[in-house]
Amino acid sequence: MIERRATTRHPVVVPALCLRRDGSEFHAVTVDISSEGLRLRSATLPLVDERLTCNIRDIGAAQVSVVWAGSCDFAVRVIGTTPSATCR
């Protein structure tokens, strides 16, 4: 069976630093973006429903919730943003 998504994904490959609520962090790379969220690839995989702050190069910081985790990638839904200093 072929999975069909309601939204189009756009490839975007940039580094990201993901921060956990306990203060620990891990590196990831974005894979694609859609109106529903982002898919990232990392050697460290967060848990589903975990909340993170992802600092994505040239995009900014986003508060996200993990909605899916595979063997080497995970998907997040953006739940908030943190304005950068250049936006003030």
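All of the numbers you see were taken from the coordinates with simple rules; none came from a lab. This is a predicted model, so every value here is computed, not measured. Quick reminder, even Gly has a Cβ in these numbers, built from the backbone with ideal geometry, and neighbours come from all protein chains shown.
Data table
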| read-out | value |
| --- | --- |
| Length-normalised contact order of the chain in % [C-alpha pairs under 8 Å, at least 6 apart] | 23 percent |
| Summed residue charge, Cβ within 11 Å of GLY37's Cβ, Lys/Arg positive, Asp/Glu negative | +1 |
| The chain - charge dipole about Cα centre, Lys and Arg +1 at Cβ, Asp and Glu -1, debye rounded to 20 | 160 debye |
| Neighbour-count order for LEU45, LEU40, LEU52, LEU17, fewest beta carbons within 10 angstrom listed first | LEU17, LEU45, LEU52, LEU40 |
| Per-residue Cβ neighbour rank within 10 angstrom, fewest leading, VAL76, VAL13 | VAL13, VAL76 |
| Added length on full extension, which subtracts the Cα-Cα distance from 0.36 nm per residue, SER35 to ASP22 | 1.8 nm |
